[in-house]
Amino acid sequence: MAFTVAVVVLKGGAGKTMTALALAEAAAEAEAAATLVDSDPMGGAVRQAALAEETGRPMRATVMGLAAVDLPKRMGSITPGADFVVIDGPPPGALKIAKAVMESADVVLMPCPARPGDLDRVPATLQLAQDVGVPVFGAFNFYKRNTNNAAAAEELVIEYGVNMLDTRLIDSTKVSENYGLRPRGLVARYGRELLDELTRKAAG
Ligand SMILES: Nc1ncnc2c1ncn2[C@@H]1O[C@H](COP(=O)(O)OP(=O)(O)OP(=O)(O)O)[C@@H](O)[C@H]1O
Ligand SMILES: [Mg+2]
């Protein structure tokens with residue numbers, strides 16, 4: 001069975017799609033048969049994979065769209081032969097899909113914007129994962145060292161009891177400029193670090 005990571009936080013614009021693309025690409029680069037399942041009805045990951053293909057540097061991971069509440073039942077047939085699967089979680093309103101995505105996964109990776117105002121949906125995300133019975137790891141995104149936002153966010157995740165990874169991604173235009181490209185530079189490195197830390201801490 002494939003090891004499956006669901007990238008979910010019930011907050012828009014937190015970096016779910018960027019993180020899912022980076023992680024899936026890192027797995028494919030490490031010579032795993034990696035598949036990214038895009039559960040967002042808007043298909044943001046599928047779109048970015050298509051754009052990357054047009055540049056002549058296609059994603060090495062297989063990217064497919066499937067926004068369905070019966071995802072857990074369909075996982076085996078949509079990802080035959082995959083040994084690493086990443087599911088890009090849906091936007092915040094699609095609660096039933098978010099639940100189905102978590103039910104399909106071995107672990108939830110929760111991007112946490114390192115700005116206190118953007119962590120408001122973290123408790124609800126943790127609660128959903130607890131209801132489903134899947135472990136959660138958080139990873140800071142939009143991190144700005146030595147700022148009040150970073151300090152406040154660090155305190156909040158402790159208060160919420162989030163199991164945070166050491167891997168984090170800074171706030172940088174280099175990240176947004178990676179839109180529609182195969183992950184490169186610091187985004188590619190973020191994917192590799194996530195893969196390494198998640199594999200050690202979750203896959204055992
Ligand atoms: N660390 C970062 N620094 C700068 N920009 C970032 C960073 N992470 C993500 N972004 C940008 O923020 C925007 C939102 O990211 P992304 O689409 O991955 O979020 P999302 O959680 O999938 O959003 P949605 O809920 O709409 O699906 C994108 O334009 C992305 O390029
Ligand atoms: Mg998205």
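The values are calculated or read from the model by the stated rules, or taken from the named source; none is laboratory data. As the structure is a prediction and not an experimental result, all values here were calculated from the model. When we count neighbours, we look across all protein chains shown, and the Cβ atoms used for this are built from the backbone with ideal geometry, even at glycine. With ligands, DNA and RNA removed, areas are computed over all heavy atoms of the protein, side chains included. Shrake-Rupley method; radii C 1.70, N 1.55, O 1.52, S 1.80 Å.
Does segment 32-48 include one or more residues that are out of contact with any strand residue (DSSP E or B) (no Cβ under 6 Å at 6 or more places or on another chain) and more than 16 Å from ligand 1 (Cβ to nearest atom)? Yes: one or more hits. Of (1) within 15 Å of ligand 1 (Cβ to nearest atom); (2) closer than 25 Å to Ala150 by Cα; (3) buried (at least 19 other Cβ atoms within 10 Å of the Cβ), Asp120 satisfies all except one. Which? All conditions are met except number (3).
Scanning segment 141-179 for residues being within 16 Å of ligand 2 (Cβ to nearest atom) and either in a loop (DSSP other than H, G, I, E, B) or touching a strand residue (DSSP E or B) at 6+ places or on another chain (Cβ under 9 Å) (or both) gives a total of 6.
Can you spot a residue in segment 163-177 that is in contact with a Pro (Cβ under 8 Å, 6 or more places away or on another chain), within 23 Å of Val37 (Cα to Cα), hydrophobic (A, V, I, L, M, F, W, C) and at pLDDT 95 or above? The answer is no, given that none of the residues of segment 163-177 is in contact with a Pro (Cβ under 8 Å, 6 or more places away or on another chain), within 23 Å of Val37 (Cα to Cα), hydrophobic (A, V, I, L, M, F, W, C) and at pLDDT 95 or above.
None of Val85, Val108, Val101, Val134 is open to solvent by less than 70 Å² (accessible area, probe 1.4 Å), within 16 Å of ligand 2 (Cβ to nearest atom), of a type outside the set (Ser, Thr, Tyr) and within 22 Å of Glu193 (Cα to Cα) except Val108. Every listed requirement among (1) more than 16 Å from ligand 2 (Cβ to nearest atom); (2) open to solvent by 30 Å² or more (accessible area, probe 1.4 Å) is met by Ala67 save one, (1).
Glu25: under 16 Å from the mean Cα position of the chain (by Cα), of a type in the set (Asp, Glu), at pLDDT 95 or above and surrounded by fewer than 24 Cβ atoms within 10 Å (Cβ to Cβ), yes or no? No: the conditions fail for Glu25. Scanning segment 15-54 for residues that are in a helix (DSSP H, G or I), under 11 Å from Val86 (Cβ atoms) and not basic (Lys, Arg) yields Thr17, Thr19, Ala20, Leu21, Ala22, Leu23, Ala24, Glu25, Ala26, Ala27, Ala28, Ala45. Residues that are outside any helix (DSSP H, G or I) and open to solvent by 30 Å² or more (accessible area, probe 1.4 Å) were ranked within segment 183-204; the one that is farthest from ligand 2 (Cβ to nearest atom) is Gly204.
If you go through segment 161-182 one residue at a time, do you hit one that is at positive phi, more than 14 Å from the chain's Cα centre (by Cα) and surrounded by fewer than 18 Cβ atoms within 10 Å (Cβ to Cβ)? There is at least one residue in segment 161-182 that is at positive phi, more than 14 Å from the chain's Cα centre (by Cα) and surrounded by fewer than 18 Cβ atoms within 10 Å (Cβ to Cβ).
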